[in-house]
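Engineer: Got a structure for you, written out below as structure tokens; questions coming shortly.
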Amino acid sequence: MFSTLWTRDVGPAMGFLEKIAASRRTAQPADEGWRCRPYRTVSIFISLPLARLGIIPNHITITWGLIGFLGAIALACPQYWLRVTGACLLQVSALLDYVDGEVARLTGRVSNVGLFLDLTNHEVIRNSLFLALGYSVVRSTNNLVYFVLAFSAAVFVSAYQTSFFFAERVAPGGVIKDYASKSLVRRASFVRNAVTPLFLSMNETKPVILLAAIFNRLSWVLTYYAIIAPLLYLWRVCRLSSRLRQD
């Protein structure tokens with residue numbers, strides 16, 4: 001399917017950039033937020049060769065899951081360079097997370113198994129990240145309080161990211177409705193915009209951890225997520241519960 005698409009929609013006479021643009025329209029969703037753009041800008045240059053080689057998308061999913069898990073383990077190492085390497089591996093894992101879906105769409109191999117593996121990888125890596133950070137910080141500080149912070153961060157970051165998925169599973173038709181008035185929406189938008197960095201950091205933990213590893217401030221990041229994640233989780237649960245009660 002991919003070779004046919006390449007020939008029909010792109011054509012050998014078109015330039016390299018036109019080929020990339022046509023492949024983006026096929027492989028990349030058009031409704032993604034801006035936080036996906038840095039990864040999508042690079043991912044297509046990896047996806048195209050892999051698709052042409054006939055690489056199975058699920059194999060890519062398994063690969064980035066293993067890379068991410070190894071990156072989390074490296075964060076627990078005492079050597080500074082290993083921790084930074086682990087944080088970089090997490091970024092490679094995040095990039096390949098976009099690649100597997102693009103290859104699947106380019107080759108017509110989108111599957112429920114692939115989605116299942118994708119979601120499972122996210123859950124394992126997400127939780128192992130903060131457990132590794134907790135071990136690393138406790139080892140360097142001999143302060144067992146950081147184990148408690150690691151537990152809080154691991155539980156509530158994961159719960160925050162999965163709560164919307166769970167709400168959609170129980171909502172009628174799988175849709176979460178918003179019955180707020182326009183004035184309430186405007187006020188909520190103002191508040192939301194004021195705290196956008198907090199919400200962004202909940203969904204993009206890996207870049208934050210990379211910066212913390214480079215500047216050797218893993219304890220700061222662990223403390224931040226241990227405090228902020230429970231608060232934002234409770235906010236999201238209350239908001240979703242309110243919407244579900246009105247459905």
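Engineer: Quick one: residue 116 ticks every box in (1) out of contact with any helix residue (DSSP H, G or I) (no Cβ under 8 Å at 6 or more places or on another chain); (2) in a loop (DSSP other than H, G, I, E, B) bar one, so which box is it?
Structural biologist: (2)
Engineer: Out of 55, 60, which single residue is β-branched (Val, Ile, Thr), farther than 14 Å from residue 210 by Cα and part of a helix (DSSP H, G or I)?
Structural biologist: 60
Engineer: Right, another one. Of the residues in segment 19-36, how many are within 13 Å of residue 102 (Cα to Cα) and aromatic (Phe, Trp, Tyr)?
Structural biologist: Matching residues across segment 19-36 total 0.
Engineer: Tally time: how many residues in segment 97-114 are over 19 Å from residue 127 (Cα atoms) and within 14 Å of the chain's Cα centre (by Cα)?
Structural biologist: 4
Engineer: Sticking with this one: Name the one entry in 87, 72, 51 that is farther than 14 Å from residue 206 by Cα and either in contact (Cβ under 8 Å) with a residue 24 or more places away in the chain or within 14 Å of the chain's Cα centre (by Cα) (or both).
Structural biologist: Only one candidate qualifies: 51.
Engineer: Related question: What are the residues in segment 8-35 that are part of a helix (DSSP H, G or I), of a type outside the set (Gly, Ala, Ser) and modelled with pLDDT of 85 or more, if any?
Structural biologist: Residues satisfying the conditions are 24, 25, 26.
Engineer: So which residues in segment 119-152 are aliphatic (A, V, I, L, M), over 16 Å from the mean Cα position of the chain (by Cα) and in a helix (DSSP H, G or I)?
Structural biologist: 131, 132, 133, 137, 138, 145, 148, 149, 150, listed by residue number.
Engineer: What number goes with the only condition from (1) touching a helix residue (DSSP H, G or I) at 6+ places or on another chain (Cβ under 7 Å); (2) closer than 10 Å to residue 61 by Cα; (3) not aromatic (Phe, Trp, Tyr) that residue 104 does not pass?
Structural biologist: (2)
Engineer: Select from segment 128-150 the residues that are surrounded by fewer than 17 Cβ atoms within 10 Å (Cβ to Cβ) and either touching a residue at least 24 places away in the same chain (Cβ under 8 Å) or in contact with a strand residue (DSSP E or B) (Cβ under 9 Å, 6 or more places away or on another chain) (or both) and list them in ascending order.
Structural biologist: Across segment 128-150, the qualifying residues are 139, 140, 141, 148.
Engineer: Find the residue count for segment 192-247, including only residues that are among the polar types (S, T, N, Q), touching a helix residue (DSSP H, G or I) at 6+ places or on another chain (Cβ under 9 Å) and either surrounded by 13 or more Cβ atoms within 10 Å (Cβ to Cβ) or within 28 Å of residue 87 (Cα to Cα) (or both).
Structural biologist: 6
The values are calculated or read from the model by the stated rules, or taken from the named source; none is laboratory data. Please read all numbers here as calculations on a predicted model, not as lab measurements. In this analysis, Cβ positions are derived from the backbone assuming ideal geometry, glycine residues included, and neighbour counts consider all displayed protein chains.
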